[in-house]
1. Being under 23 Å from L113 (Cβ atoms) and either in contact with a Leu (Cβ under 6 Å, 6 or more places away or on another chain) or surrounded by fewer than 16 Cβ atoms within 10 Å (Cβ to Cβ) (or both) narrows it down to one of T205, T248, T232, so name that one.
2. Give the residues of the stretch 163-184 that are part of a strand (DSSP E or B), touching a strand residue (DSSP E or B) at 6+ places or on another chain (Cβ under 7 Å) and surrounded by fewer than 21 Cβ atoms within 10 Å (Cβ to Cβ), sorted by residue number.
3. With respect to I156, determine if the residue is hydrophobic (A, V, I, L, M, F, W, C), surrounded by 15 or more Cβ atoms within 10 Å (Cβ to Cβ) and over 17 Å from A211 (Cβ atoms).
4. Could you list all residues from the stretch 169-215 that are aromatic (F, W, Y) and touching a Lys or Arg at 6+ places or on another chain (Cβ under 9 Å)?
5. Considering (1) touching a Gly at 6+ places or on another chain (Cβ under 8 Å); (2) not in a strand (DSSP E or B), say which one N135 fails and leave the rest.
6. Is it the case that T223 is in a strand (DSSP E or B) and hydroxyl-bearing (S, T, Y)?
7. Is there a residue in the stretch 112-127 that is at pLDDT 95 or above, touching a Ser or Thr at 6+ places or on another chain (Cβ under 6 Å) and either in a loop (DSSP other than H, G, I, E, B) or surrounded by 12 or more Cβ atoms within 10 Å (Cβ to Cβ) (or both)?
8. Just the residues that are among the polar types (S, T, N, Q) and touching a Gly at 6+ places or on another chain (Cβ under 7 Å), please, taken from the stretch 201-246.
Amino acid sequence: MPEGDAAARNLDKAMARTSRSSVLAHLSAKLVGEAMLAVLLAVTLVFLSRDAVPSDRYVFAVGSPTAATPVADNNLRLGRPAQVSTSHSVAMAPPAQVQVPTSRPVQILISDLDVHRAVEAVGVGRSGVMDLPVNLWNAGWYNGGPVPGAPGDSVIEGHAGYPGQPLIFGKLGTLQPGAKVVVVLADGSRQLFLVNSMSTVPVGTAPPGFAEPYGPPRLTLITCTGYFNQNTYLYSARLAVELSYAGTV
């Protein structure tokens, strides 16, 4: 075989190997690139799928997932964040109403006078004068006026007794301003009154506002006072003690 032909064949073989190596290198680079692209695409899909799942850390609306939190101002401006409404409609309880006493008084307690006596209901006679309690040691509540603790002036009377022989209200004039008087009603409630003032009025007259059925709750205690007539056994005047209402005890 001539040397020239052998050299030519060796050159062709070398070029063929080089060409195959280039093709394989190109295919390998292409496959690596496609593999990296597939990995990137897979990672991207994973992150996108995670972003689509709601997280409790970023839930601002409370309640149903379909309920949006109301926003008072959607015009977002620099330096002025959106105001999120947090107000809720709350049903306010109606104010507690004060119970107006309706039960009649059954007992009067005046600790400063050591008085703890029953109370009778009394009316007025034909002449318009208040009747007296049946028991001389009991007090009498005018049943034509308000119940103690109800709006208006409740009136309770009591005998003064004779000079040197005091009865239930015989020492009523010694009460000091602020002294406490408790009236117990038939329902068991205890109505507290405080002494404000006292006045003397002639027989046959009444102090201003006496037994009025309106105005703030108050109490008038009334008994005999003044000159005592030994012949008629009557007093010349009436003592009226005015008390203001101080609630229940």
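1. Unique residue meeting the criteria: T248.
2. Those that are part of a strand (DSSP E or B), touching a strand residue (DSSP E or B) at 6+ places or on another chain (Cβ under 7 Å) and surrounded by fewer than 21 Cβ atoms within 10 Å (Cβ to Cβ): K180, V182, V184.
3. No.
4. If the condition is that a residue be aromatic (F, W, Y) and touching a Lys or Arg at 6+ places or on another chain (Cβ under 9 Å), then F193 is the only one that fits.
5. (1)
6. Taking the combined requirement at face value, the residue satisfies it.
7. Checking the stretch 112-127: not a single residue is at pLDDT 95 or above, touching a Ser or Thr at 6+ places or on another chain (Cβ under 6 Å) and either in a loop (DSSP other than H, G, I, E, B) or surrounded by 12 or more Cβ atoms within 10 Å (Cβ to Cβ) (or both).
8. If the condition is that a residue be among the polar types (S, T, N, Q) and touching a Gly at 6+ places or on another chain (Cβ under 7 Å), then T223, T225, S236 are the ones that fit.
The values are calculated or read from the model by the stated rules, or taken from the named source; none is laboratory data. Quick caveat: nothing in here was measured; it's all calculated off a predicted structure. Cβ sites come from the backbone with ideal geometry, for glycine too, and all protein chains shown count toward neighbours.
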